[in-house]
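To start, the structure under review is shown below, and the notes come after it.
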Amino acid sequence: MKEDKIQLYFQKIQKLLEEKIGLLATSLSLQNWDTCLQKRMAETGKENYGEYYAYLLSSLTELQELIELIVIPETWFFREERAFKFLAEYAKQYGNNFRHGTPLRVLSLGCSTGEEPYSIVMCLLEAEMPLGSFRVEGADVSKNALLIAQRGLYGPNSFRTIKPTLKDKYFTKVDGKYELSDQVRFSVKFRKGNVVNFPSGFSEHQYDIIFCRNLLIYLSVSLQEELLRRLERVLVPKGVLILGEAEYGKINRLNFETISLGGVSAFCKKGADLKPSSEIKKQILKPHEKHPAIARLRELADQGNIGSAKREIEIYGHELQDDAEFQFLQGVIYHASGEHDLALKYFQKTVSLQPKHREALTYLSLMTKGTLAERYLERINQLPRGP
């Protein structure tokens with residue numbers, strides 16, 4: 001098959017996944033795409049992307065197999081602990097409203113293998129909300145992830161940030177893994193859910209709190225905004241939306257306002273009775289402020305932790321594609337790993353975004369030759385003296 005045909009069907013497969021589950025093609029590296037597709041092509045006996053694309057269109061089973069392979073779970077108990085600090089404070093301030101009558105209803109959208117909704121249950125129990133005063137649901141596109149969630153048996157990687165006291169209280173060690181207590185496990189109801197079709201199967205004004213964290217970054221901008229509008233519909237009038245820390249800026253133009261409890265931020269519907277705090281405005285990124293992922297990436301680069309740095313790049317690369325400092329750090333990471341063509345690309349992207357970026361210009365002057373190298377040196381010499 002000719003190269004242009006190969007590329008055409010490769011892009012068609014990516015487009016199909018975007019249509020079916022909302023996955024933005026550029027949220028994954030080309031290498032990840034190719035690895036997953038090659039594996040499924042080998043499993044199904046398809047010789048090229050064209051054959052495999054035709055098979056995908058005719059087989060819902062194979063489409064689900066590809067989804068399972070593409071959507072890799074990356075989660076752990078009490079990930080981004082600030083969200084659970086907010087939830088605990090919410091339970092302390094408003095929990096009495098749900099002890100009699102309608103319980104507190106919480107949805108974990110994109111719940112993966114269940115660590116998030118189970119963390120929600122443990123957090124509420126620790127905040128002294130009794131069983132029966134809350135209902136927690138988890139929804140995810142992956143059938144395999146939901147099976148793991150329903151089983152409630154986890155390996156050490158799921159316990160990166162959980163407090164030892166909670167681990168001892170709610171888990172029992174079984175053959176090198178940890179089994180969740182029935183008290184917590186039976187407090188969560190799981191369902192298969194797709195953000196493209198959401199809120200199909202959900203009622204309006206159904207939830208008091210929705211966790212939708214580290215999901216928007218994998219979606220196209222149009223689907224991000226559409227999903228946020230749909231989330232607004234299924235929240236009760238005083239409902240709260242909790243996003244990932246890297247996603248706060250995606251909500252500014254929509255019908256939400258910020259709220260702070262105990263100095264930690266979330267979002268509520270505009271006009272809700274939950275009064276937003278002026279403190280939270282300090283936590284929303286302004287155009288001149290640096291994204292928290294940049295500090296993490298620089299720290300990983302300084303440590304020489306190339307593998308973790310590349311995973312950080314995969315997560316935030318699309319979102320920060322117009323951030324000069326993030327592009328520069330990508331160049332540093334790829335230069336350190338010996339991938340000089342990629343490094344050169346990101347250093348060039350850096351100076352296109354920030355023409356006077358001294359460090360990027362220095363790298364470029366060393367990595368190029370002849371007239372081009374001289375031009376970079378000339379640009380460096382024209383910069384003001386100093387750091």
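The values are calculated or read from the model by the stated rules, or taken from the named source; none is laboratory data. Note that the structure is predicted; figures quoted are calculated from it, not measured. As a convention, Cβ positions derive from the backbone with ideal geometry for all residues, glycine included, and neighbour counts pool all protein chains shown.
Quick one: in region 133-149, which of the residues that are over 18 Å from Ile67 (Cβ atoms) and over 20 Å from the mean Cα position of the chain (by Cα) is surrounded by the fewest Cβ atoms within 10 Å (Cβ to Cβ)? Selected residue: Arg135. The residues on offer are Ala88, Ala83, Ala149, and the sole one that is assigned to a helix (DSSP H, G or I) and within 17 Å of Glu179 (Cα to Cα) is Ala149. A Cβ distance below 8 Å, combined with a sequence gap of six or more or placement on separate chains, defines the contacts here; from region 335-357, residues that are within 22 Å of Pro384 (Cβ to Cβ) reach residues that are assigned to a loop (DSSP other than H, G, I, E, B) and not acidic (Asp, Glu) in the pairs Thr350/His357; Val351/His357; Lys356/Leu383. Taken over region 49-63, the criterion of being in contact with a helix residue (DSSP H, G or I) (Cβ under 7 Å, 6 or more places away or on another chain) and in contact (Cβ under 8 Å) with a residue 40 or more places away in the chain is satisfied by Tyr49, Gly50, Tyr52, Tyr53, Leu56, Leu63. The residue that is surrounded by the fewest Cβ atoms within 10 Å (Cβ to Cβ), among those in region 239-255 that are in contact with a strand residue (DSSP E or B) (Cβ under 7 Å, 6 or more places away or on another chain) and either among the polar types (S, T, N, Q) or modelled with pLDDT of 85 or more (or both), is Asn255.
Is it fair to say Arg229 is surrounded by fewer than 16 Cβ atoms within 10 Å (Cβ to Cβ) and at pLDDT 85 or above? In short, yes.
Gln38 fulfils the conditions (1) under 24 Å from Ile209 (Cβ atoms); (2) more than 18 Å from the chain's Cα centre (by Cα) except for a single criterion, (1). For Ala83, the conditions (1) among the hydrophobic types (A, V, I, L, M, F, W, C); (2) at pLDDT below 85; (3) surrounded by 14 or more Cβ atoms within 10 Å (Cβ to Cβ) are fulfilled apart from (2). Determine if region 354-371 includes at least one residue that is surrounded by 12 or more Cβ atoms within 10 Å (Cβ to Cβ), closer than 20 Å to Glu247 by Cα and either outside the structural domain of Leu23 (by TED's automatic domain parsing) or in contact with a strand residue (DSSP E or B) (Cβ under 7 Å, 6 or more places away or on another chain) (or both). Within region 354-371, none of the residues are surrounded by 12 or more Cβ atoms within 10 Å (Cβ to Cβ), closer than 20 Å to Glu247 by Cα and either outside the structural domain of Leu23 (by TED's automatic domain parsing) or in contact with a strand residue (DSSP E or B) (Cβ under 7 Å, 6 or more places away or on another chain) (or both). Within region 176-192, at least one residue is in the same structural domain as Leu228 (by TED's automatic domain parsing), under 19 Å from the mean Cα position of the chain (by Cα) and surrounded by fewer than 17 Cβ atoms within 10 Å (Cβ to Cβ). Residue-level analysis places Tyr170 outside the set of residues that are within 20 Å of Arg79 (Cα to Cα), of a type in the set (Ser, Thr, Tyr), in contact with a Lys or Arg (Cβ under 7 Å, 6 or more places away or on another chain) and crowded, with 21+ Cβ neighbours inside 10 Å.
Are there any pairs, at least 6 apart or on different chains, whose C-beta atoms fall under 9 Å, with the first in region 137-151 and under 18 Å from Val106 (Cβ atoms) and the second surrounded by 23 or more Cβ atoms within 10 Å (Cβ to Cβ) and of a type in the set (D, E, K, R), and if so, which? Matching pairs, first to second residue: Gly138/Glu116; Leu146/Asp140; Ala149/Glu115; Ala149/Asp140. Which residues, taken from region 264-291, are under 30 Å from Gly95 (Cβ atoms), of a type outside the set (A, V, I, L, M), within 23 Å of the chain's Cα centre (by Cα) and at pLDDT below 85? Passing the criteria: Ser265, Lys269, Lys281, Lys282, Gln283. Give the residues of region 128-166 that are touching a helix residue (DSSP H, G or I) at 6+ places or on another chain (Cβ under 6 Å) and among the charged types (D, E, K, R), sorted by residue number. Within region 128-166, Asp140 is the sole residue that qualifies.
You will find that of Ser181, Ser203, Ser187, Ser220, the residue that is closer than 23 Å to Ala25 by Cβ, small (Gly, Ala, Ser) and touching a helix residue (DSSP H, G or I) at 6+ places or on another chain (Cβ under 8 Å) is Ser220 and no other.
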